[in-house]
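Reading through the structure tokens given below for one structure.
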Amino acid sequence: MKRGTDPLEQQLFQMADQEKMILPDTLYEKTEPIFVRLSKQRSGFRMNWKRTLALAAVLTALCSVTVMAAVSAVQQRMEAMNEQEISDYFAQIQTSRVGADHYSRPFTEHEQTRMEELKISYEEAAVFPEKVLTMIPTAKAYKGKGIAFSKDNSTFFLPEEDMSDEELLQIIDFRHRRDYSLQIMNEKITAGETVFLEEQICQEDDFAAAARETAISYTGELEIRMIAAGQEDLFLMGKNAIHRMAAGSSDSELFFDDFHTDTLIHAFYEDQNGTVYLGLNEQTEDTGDRTGGITIAGRPYRPSLWILDADGTVTEKVDLAALPLQGNDSAGIVRSMVVDEQGYIYVRAAGIQDALLIVLDSQGNYVKSITSDTYTSHDMGGLCLGKDGRIYTQIQKGSQMGIATVDLQQGTLGEIFMNLVPEGTVMLDIIAPVSDNGLVFWGYDGIFTYRPGDPKADCILPASEAPFAWENTPRCALPDGRLVFADCTKYRTEGEEVFRVPEYTRFYYLTCTQ
């Protein structure tokens with residue numbers, strides 16, 4: 001093809017030659033009429049339309065070839081991984097106890113914009129990072145510089161300053177490598193060419209390894225919504241059913257299911273005599289004005305407290321809707337309960353007006369409220385009977401978190417322990433005795449141990465280092481101080497309800513020492 005004298009034209013045709021481009025005749029046939037019309041309509045159209053057509057074809061095909069070349073380069077980059085690399089990426093997916101990626105901090109707007117631009121460059125122009133992203137076994141291994149990915153909890157650790165293009169490209173490259181490894185390994189497993197064995201996975205972190213050694217797969221059939229510790233056994237709550245399971249066992253057996261309507265259990269406590277206390281909501285008839293009831297998932301429920309003897313026979317049913325509640329959709333849901341040595345029942349429920357706790361006698365009759373002019377408590381705050389015989393409750397003041405004992409006679413808080421955890425730490429849910437004079441806390445930021453009187457609590461496990469999903473996993477504390485987590489990795493839905501799949505549930509037993 002004859003070249004023109006225009007430098008731009010010459011460069012375009014040279015690029016086409018280098019790309020070994022062959023322009024199909026059909027391209028000329030389809031575009032020729034367009035340029036003919038264009039030349040007739042515009043008097044200023046001076047360029048030879050044949051040459052214009054050729055240049056347009058060169059540009060179109062050149063862009064197409066460049067993108068195709070980039071796609072091919074990405075594929076070649078993926079295929080260049082060896083079997084060990086592919087296995088490592090696949091193992092990370094299988095062993096992470098978190099179902100999605102997390103980041104140590106949010107992306108800035110500038111980083112997000114550059115990430116989107118670099119993703120296009122990676123996929124369409126073969127712009128690759130100089131190095132691959134570093135994978136570390138756990139968050140403890142992160143040194144605070146650059147970027148890294150914690151295999152154990154699927155967390156990208158990012159530097160405090162804006163990330164460079166190289167670091168952003170490493171994240172993009174990591175995602176492509178992991179997706180490719182998953183595809184290849186699934187194909188091999190389907191074809192019977194390999195099997196995935198958990199015992200082949202390297203478990204470098206001591207705590208994670210110990211947690212996995214105490215992980216027990218559940219073989220029972222209950223769809224577990226919450227768990228609670230009895231004096232000797234674990235109790236598992238599902239919809240309309242309670243199971244009992246020995247600590248360390250893999251299976252459970254039915255304890256109680258004599259519910260006449262759909263019932264949701266939100267709190268459980270077994271005292272030293274084997275008496276069981278249930279905070280639950282029974283589905284009721286829709287009265288239209290919701291008087292004396294609450295709404296859960298669009299259905300009317302009535303909050304109640306049931307008391308059962310050690311054999312599972314109901315001895316008392318207390319209507320909690322008669323309490324002075326604020327009338328929101330969750331008002332009256334019992335979040336936690338504890339019973340002292342005298343048989344008084346301490347209840348924390350959503351929507352109680354002007355009180356931290358309410359106290360009932362052993363038959364469920366109202367005794368008094370525990371109040372404070374200075375401190376509040378969260379609906380999900382922890383509550384426990386310490387080994388010193390005192391009741392401990394979570395309290396807060398602004399963003400400061402703490403605990404306090406309860407003075408039943410005065411109806412107030414007793415001894416106050418504030419600023420135990422870093423300011424901004426979210427919630428202290430489980431509070432349980434871990435020794436004669438020590439307590440263990442579960443919070444959204446981690447697990448803490450504390451001796452009343454010490455200035456601060458010690459964080460023994462940050463949430464980011466846990467070998468399982470953290471926030472929504474049912475949990476409880478055994479009398480010996482161990483925390484138990486019922487982690488589930490697969491869910492199903494029925495209408496508006498979400499259910500955990502029993503065969504995908506594992507129990508983790510974590511020993512908490514001070």
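The values are calculated or read from the model by the stated rules, or taken from the named source; none is laboratory data. Worth saying up front: this structure is predicted, and the values here are computed from it rather than measured. Here the Cβ positions follow ideal geometry from the backbone for every residue, glycine too, while neighbour counts run over all protein chains shown. These area figures cover heavy atoms from the full protein model, side chains too; ligands, DNA and RNA do not enter into them. Shrake-Rupley method; radii C 1.70, N 1.55, O 1.52, S 1.80 Å.
So here's what we get for this one:
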| quantity | calculated |
| --- | --- |
| Qualifying residue in region 406-422 (condition: under 23 Å from ASP101 (Cβ atoms) and either buried (at least 19 other Cβ atoms within 10 Å of the Cβ) or at pLDDT below 90 (or both)) | no |
| Within region 501-514, tally of residues that are out of contact with any Pro (no Cβ under 8 Å at 6 or more places or on another chain) and open to solvent by less than 40 Å² (accessible area, probe 1.4 Å) | 7 |
| Failed item, numbered, when THR371 is tested on (1) touching a residue at least 40 places away in the same chain (Cβ under 8 Å); (2) crowded, with 16+ Cβ neighbours inside 10 Å | (2) |
| Strands (runs of 3 or more DSSP E) wholly inside region 413-514 that include at least 3 residues being among the hydrophobic types (A, V, I, L, M, F, W, C) and farther than 25 Å from TYR375 by Cβ | 483-488 |
| Residue satisfying all of: in region 475-491; touching a residue at least 60 places away in the same chain (Cβ under 8 Å) and in contact with a Lys or Arg (Cβ under 7 Å, 6 or more places away or on another chain); farthest from LYS151 (Cα to Cα) among these | VAL484 |
| Subset of region 343-365 [surrounded by fewer than 15 Cβ atoms within 10 Å (Cβ to Cβ) and either modelled with pLDDT of 90 or more or of a type in the set (Lys, Arg) (or both)] | GLY343, ASP361, GLN363, ASN365 |
| Region 423-450, residues that are in contact (Cβ under 8 Å) with a residue 60 or more places away in the chain and open to solvent by 50 Å² or more (accessible area, probe 1.4 Å) | none |
| Unique residue being buried (at least 19 other Cβ atoms within 10 Å of the Cβ) and in contact with a strand residue (DSSP E or B) (Cβ under 6 Å, 6 or more places away or on another chain) when the list is ALA466, ALA457 | ALA457 |
| Single condition GLU494 does not satisfy, out of (1) of a type in the set (D, E, K, R); (2) touching a residue at least 60 places away in the same chain (Cβ under 8 Å); (3) open to solvent by 80 Å² or more (accessible area, probe 1.4 Å) | (2) |
| Some residue of region 103-116 being outside any loop (DSSP other than H, G, I, E, B), modelled with pLDDT of 85 or more, out of contact with any Phe, Trp or Tyr (no Cβ under 8 Å at 6 or more places or on another chain) and open to solvent by less than 60 Å² (accessible area, probe 1.4 Å) | yes |
| Hits in region 159-189 (condition: among the aliphatic types (A, V, I, L, M) and open to solvent by 30 Å² or more (accessible area, probe 1.4 Å)) | LEU182, ILE189 |
| Filter pass, LYS387 being assigned to a loop (DSSP other than H, G, I, E, B), of a type in the set (D, E, K, R) and more than 27 Å from ASN472 (Cβ to Cβ) | yes |
| Test result for SER464, touching a residue at least 40 places away in the same chain (Cβ under 8 Å) and either in contact with a His (Cβ under 8 Å, 6 or more places away or on another chain) or within 15 Å of GLY381 (Cβ to Cβ) (or both) | yes |
| Of all residues in region 286-342 being surrounded by 16 or more Cβ atoms within 10 Å (Cβ to Cβ), modelled with pLDDT of 75 or more and β-branched (Val, Ile, Thr), the one that is nearest to LEU254 (Cα to Cα) | ILE307 |
